[in-house]
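Novice: Quick one: the structure is below, questions incoming.
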Amino acid sequence: MPAQTMAHSGAKRLIFNDECRNHTDQGDDENDSVDSTESIQDTQGLWEGELATWNGCSCGNLHRRPTKVFWIQCEGSCQSWYNVSSNCVGFTELQAETISPWYCHACREKLDQGTLAILLGLPSHVLYHVLDYAARKEDKTRVLIQQLSVLCSQANHAIKEKPGDGLWSLILNRDYHATTTTTSSGERRVSPKRRRRTALDLVKDLHCLRRSRTEDAHAALLVMADSRREPLTLARLRMLIGNGQSRPDPLTTLDSPKSHGSNQESNQQRIFINQRSQFGRTFLHAVCSASVNEAVLARCVRHLLREHGADPTLITTAEHPYADRPALFFAVSRVMPKVVQELVDAGASLKVQVSGRFRLVSDPSRGFDGTFTALEFAAKLKHAEEENASLSPSCEKLPAYWMRKLGACITILSKAAIV
């Protein structure tokens, strides 16, 4: 069958052999190497005399034998055939039939550049809304600078070398509540060229400043969460996150109080509320695990959710050997129905499943493993506590008061699941 006619519904491929023919390492002996010309000639029967363009493995490297390979054709502009290993392309020859379409690295890069050109060619306000949908406020600068600008020289030129004032001015104004220097009449103030700073420069500086402030706030909150002399309170949390400052950021130059809004707005924006600490927790996770009573914890959680826009769906990233979990699991394991209610009202997901090991409330040295939603976790925790209490009289038992509160958590979650 001619190679041109061997087109499947997905990627076009020609199964060749299960043995490696041309995947050899450059350091192999001459006797171990297989000449590519001889390999192509060996396939004359399969190709029926036609020699299509052959480019070796799509990863661009030669492989040590033995490696199982198969042929696959790029459906991009090159239309070349590649003798690939499943380890390089990420799928087997059977799975290749369902892939539609498949592109080599060169054609994929061309497609990505075309898509990126369309994206960066959008009007500034449209591109801002795209970024606002795709990334969090604290991640927009990182996405533009560290992910998009490095894809190709055109993207780097569009984003960094000629940023203009459109997109970066929107980010500066809407995300950082700042503007570039202006006169009282609204005209841009002229300054020497060596002192001029673009909106991109201000965004970079403000971003680094806020990340640094956020890390400092995380460290201070970690101390307050376990402190007995100065425990966490709502007043201390407000001072920590907002710092009570009545002046704008030192990197921001504005003309009037109306330009930057109220002090409350300025305070709310001085840190990234959803940025994780070095321990993989956000401010909401840290507050939910603080060693304070339920009433204080509920007020602090309500403040983070309603005043600062904390995301209750984020999951921790460094709880090993125990399970990474959202804030709702912390509230259930702490047996705090008021906090559970605050998180549910704020939109905490009840369908997210968390896998791993969880500790008992009465005896942290004991635990259980499994995959649970928040409601399933609360029910399993109650069952495990009852089972632990029945093992022997010497085992620590969760007081009836706490068992009733755990039942209240289950009731809240059950009602929210029905709605």
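The values are calculated or read from the model by the stated rules, or taken from the named source; none is laboratory data. Owing to the predicted nature of the structure, the values given are computational and were not obtained by experimental measurement. No Cβ is skipped: glycine too gets one built from the backbone with ideal geometry, and neighbour counts run over all protein chains shown. Accessible surface areas use protein heavy atoms only, side chains included; no ligands, DNA or RNA. Shrake-Rupley method; radii C 1.70, N 1.55, O 1.52, S 1.80 Å.
Novice: If you scan the stretch 289-334, which residues turn out to be more than 24 Å from residue 363 (Cα to Cα) and charged (D, E, K, R)?
Specialist: 299, 302, 306, 307, 311
Novice: Checking residue 382 against (1) open to solvent by less than 30 Å² (accessible area, probe 1.4 Å); (2) of a type in the set (Lys, Arg); (3) in contact with a Leu (Cβ under 7 Å, 6 or more places away or on another chain), only one condition comes out false. Which one?
Specialist: (1)
Novice: Cβ-Cβ distance below 7 Å, separation of 6 or more or different chains: which pairs start in the stretch 223-236 with a residue that is at negative phi and in contact (Cβ under 8 Å) with a residue 24 or more places away in the chain and end on one that is open to solvent by 70 Å² or more (accessible area, probe 1.4 Å) and small (Gly, Ala, Ser)?
Specialist: Close Cβ pairs satisfying both conditions: 225/291; 226/291.
Novice: Could I ask something else about it? When you go through 96, 106 one by one, which is the residue that is in a helix (DSSP H, G or I), farther than 28 Å from residue 175 by Cα and touching a Lys or Arg at 6+ places or on another chain (Cβ under 8 Å)?
Specialist: On the way: 106 fails: touching a Lys or Arg at 6+ places or on another chain (Cβ under 8 Å).
Exactly one of 96, 106 is in a helix (DSSP H, G or I), farther than 28 Å from residue 175 by Cα and touching a Lys or Arg at 6+ places or on another chain (Cβ under 8 Å), namely 96.
Novice: Return the pairs, sorted by first residue and then second, in which the second residue is open to solvent by less than 20 Å² (accessible area, probe 1.4 Å) and in a helix (DSSP H, G or I), the first residue lies in the stretch 70-98 and is over 17 Å from residue 109 (Cα atoms), the beta carbons are less than 8 Å apart, and the residues are 6+ apart or on different chains.
Specialist: Every condition considered, the pairs that remain are 70/96; 72/96; 81/3.
Novice: Right, next: Among all residue pairs at least 6 apart or on different chains, which show Cβ distances below 6 Å where the first residue, located in the stretch 387-411, is farther than 19 Å from residue 367 by Cβ and the second is at pLDDT 85 or above and part of a loop (DSSP other than H, G, I, E, B)?
Specialist: Hits for this filter: 405/335.
Novice: Sticking with this structure for a sec: Looking at the stretch 74-90, which of the residues that are open to solvent by less than 20 Å² (accessible area, probe 1.4 Å) and assigned to a loop (DSSP other than H, G, I, E, B) is nearest to residue 152 (Cα to Cα)?
Specialist: Checked the stretch 74-90; the qualifying residue nearest to residue 152 (Cα to Cα) is 76.
Novice: Being farther than 26 Å from residue 295 by Cα and touching a Ser or Thr at 6+ places or on another chain (Cβ under 7 Å): is that true of residue 355 here?
Specialist: Details: farther than 26 Å from residue 295 by Cα: yes; touching a Ser or Thr at 6+ places or on another chain (Cβ under 7 Å): yes.
Yes; evaluated as a whole, the condition is true for this residue.
Novice: Quick one: residue 133 ticks every box in (1) surrounded by 12 or more Cβ atoms within 10 Å (Cβ to Cβ); (2) of a type outside the set (Gly, Ala, Ser); (3) assigned to a helix (DSSP H, G or I); (4) at pLDDT 85 or above except a single one, so which number is it?
Specialist: Residue 133 satisfies all of (1) surrounded by 12 or more Cβ atoms within 10 Å (Cβ to Cβ); (2) of a type outside the set (Gly, Ala, Ser); (3) assigned to a helix (DSSP H, G or I); (4) at pLDDT 85 or above except (1).
Novice: Return the total of residues in the stretch 309-333 being surrounded by fewer than 19 Cβ atoms within 10 Å (Cβ to Cβ) and more than 16 Å from residue 279 (Cβ to Cβ).
Specialist: Qualifying residue count for the region: 3.
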